[in-house]
Amino acid sequence: MIAIGSDHGGYLLKQAVMKHLDERGIEYKDFGCYSDASCDYPDYARPVANAVVGGECEFGILICGTGIGISIAANKIKGVRAALCTDCFCAEATRLHNNANILALGGRVVGDGLALKIVDTFLDTPFSAEERHIRRINKIED
Ligand code: RB5
């Protein structure tokens, strides 16, 4: 189960991501927003982050205009490793190296085509589980 959320700046891309997840048969829970009316990204970062760290959802996807504000907000929640990705290299690396549990995207930064490739790369790449990466992640959590 994927937790997904956005503010108004990410609303349209969120619709495209959810359609893509539907096509892939991947279940998700949409935490809003539910229109393109102006709203506040922390209000959507928090419930998605809590769903991930609480174990209700395996991964989260958060989208705002840039992906910056919503990733900053999510990373305030203990146990969250939210990674803002603008390309597939970073999406792959953050799963392999950081075991990122939330993907952040900028709806005003990346087009739908690239964003969906980033989503696929993020969701399909396992954590490397190499000792040096585990050690570094543990240092973040301490
Ligand atoms: C909203 O205008 C915009 O500030 C927000 O979507 C995001 O880009 C903030 O980081």
(message) I need a count of the residues in the stretch 22-46 that are crowded, with 18+ Cβ neighbours inside 10 Å and in contact (Cβ under 8 Å) with a residue 40 or more places away in the chain.
(response) 1
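Counting only residues that are of a type outside the set (S, T, N, Q) and closer than 17 Å to E58 by Cβ, how many does the stretch 88-117 have?
Let us first name the residues in the stretch 88-117 that are of a type outside the set (S, T, N, Q), namely 88-93, 95-97, 100, 102-117.
Pick out the ones that are also closer than 17 Å to E58 by Cβ and you get 91, 95-96, 100, 102-104.
Count: 7.
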(message) So in the stretch 117-142, with the set limited to residues that are surrounded by 20 or more Cβ atoms within 10 Å (Cβ to Cβ) and out of contact with any Lys or Arg (no Cβ under 7 Å at 6 or more places or on another chain), which one is farthest from A45 (Cα to Cα)?
(response) T121
(request) Of the conditions (1) on the phi < 0 side of the Ramachandran plot; (2) open to solvent by less than 40 Å² (accessible area, probe 1.4 Å), I68 clears all except one; give me its number. (result) (2)
(request) Can you tell me which residue among G32, G25, G79, G54 is at pLDDT 95 or above and either under 16 Å from A115 (Cα atoms) or within 16 Å of the ligand (Cβ to nearest atom) (or both)? (result) G32
(message) Regarding the stretch 8-16, can at least one residue be identified that is assigned to a loop (DSSP other than H, G, I, E, B) and more than 11 Å from the ligand (Cβ to nearest atom)?
(response) no
(message) From the list A100, A73, A91, exactly one residue is open to solvent by less than 70 Å² (accessible area, probe 1.4 Å) and within 16 Å of the ligand (Cβ to nearest atom). Which is it?
(response) A73
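The values are calculated or read from the model by the stated rules, or taken from the named source; none is laboratory data. Please read all numbers here as calculations on a predicted model, not as lab measurements. Positions of Cβ are backbone-derived with ideal geometry, glycine not excepted, and every protein chain shown enters the neighbour counts. Just the protein is used for accessible areas: all its heavy atoms, side chains included, with ligands, DNA and RNA removed. Shrake-Rupley method; radii C 1.70, N 1.55, O 1.52, S 1.80 Å.
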